Amino acid sequence: MAKLTPYFYSQDAKAQAQFYVDALGGEIGHYMTYGQAPGTDEAMKDKIIHMVFTAAGVDFYIADTMHEPAGHSSGYDLNLEFKTEEEARQAFTRLAEGGNVIMPLEKQFWGSLFGRLEDKFGIKWQISTEGNGQQG
């Protein structure tokens, strides 16, 4: 059995992690800087080589990119499913700040709230509530 942990590469890992913690509730855990690694360029010493944070009860990893520009998510979304409509609406609103709503968060024909957005860091999210058990 494996555990899946999303890993972001960022232009500013500290700011991006803090955005998710503020938007979704959670905390920043441990982190290391490139300065803690031997032979690091002085310009990179304060950048994040690895950080763990929790947001909406989910563990994430993040690092400042060193080798390539941070990209937009393509071909996948991250889905957060909430128990209540209030939690889903709050998460959607906060994650959408400075980003782009792709599909508004609305009640869907299958019985739950659902919406899509791309946050200001280029990560695509689906926000939903638990389904009501209806099968098509």
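The values are calculated or read from the model by the stated rules, or taken from the named source; none is laboratory data. On a predicted model such as this, the values are computed, not experimentally measured, just so you know. Ideal geometry is used to build each Cβ from the backbone, glycine not excepted, and the neighbour counts take in all protein chains shown. Protein only, heavy atoms only, side chains kept; ligands, DNA and RNA dropped before computing areas. Shrake-Rupley method; radii C 1.70, N 1.55, O 1.52, S 1.80 Å.
List of remarks:
- Using alpha-carbon coordinates, inclination of helix 13-24 to the longest axis of the chain, degrees: 20
- Fluctuation leader among 122, 57, 39 - the chain, Gaussian network, Cα springs under 10 angstrom: 39
- Share antiparallel - DSSP beta bridges, the chain, percent rounded to 5: 70
- Relative contact order computed over the chain (Cα-Cα under 8 Å; 6+ residues apart), in percent: 21
- Among 21, 58, 101, the largest mean-square fluctuation in a Gaussian network model of the chain (Cα springs under 10 Å) belongs to 58.
- Reciprocal mean inverse distance between Cα atoms of the chain - Kirkwood radius, Å: 16.1
- Helix 85-96 axis, angle to the chain major axis (alpha carbon atoms, nearest 10°): 40
- Comparing 55, 91, 37 in a Gaussian network model of the chain, where Cα atoms under 10 Å apart are tied by springs, the biggest mean-square fluctuation is seen for 37.
- Counting only protein heavy atoms and a 1.4 Å probe, the stretch 4-86 has 61 square angstrom of accessible area per residue.
- For the stretch 1-74, a Kirkwood radius taken over Cα pairs fed into Stokes-Einstein (4 °C, viscosity 1.567 mPa s) yields D = 101 µm²/s.
- Summed over qualifying helices (DSSP H, 4 residues or more, each -39500 (n - 2.57)) and divided by its residue number, the chain shows a 222 nm mean residue ellipticity of -5500 deg cm²/dmol.
- Among the trypsin sites (Lys or Arg not before Pro) within the stretch 1-85, those in coil by DSSP and having at most 16 neighbouring Cβ atoms inside 10 Å are 3, 45, 83.
- Whole-percent carbon and sulfur share, accessible surface of the chain, 1.4 Å: 50
- The residues packed around residue 28, meaning those with a beta-carbon under 12 Å from its beta-carbon, carry a net charge of -2 if Lys and Arg are +1 and Asp and Glu are -1.
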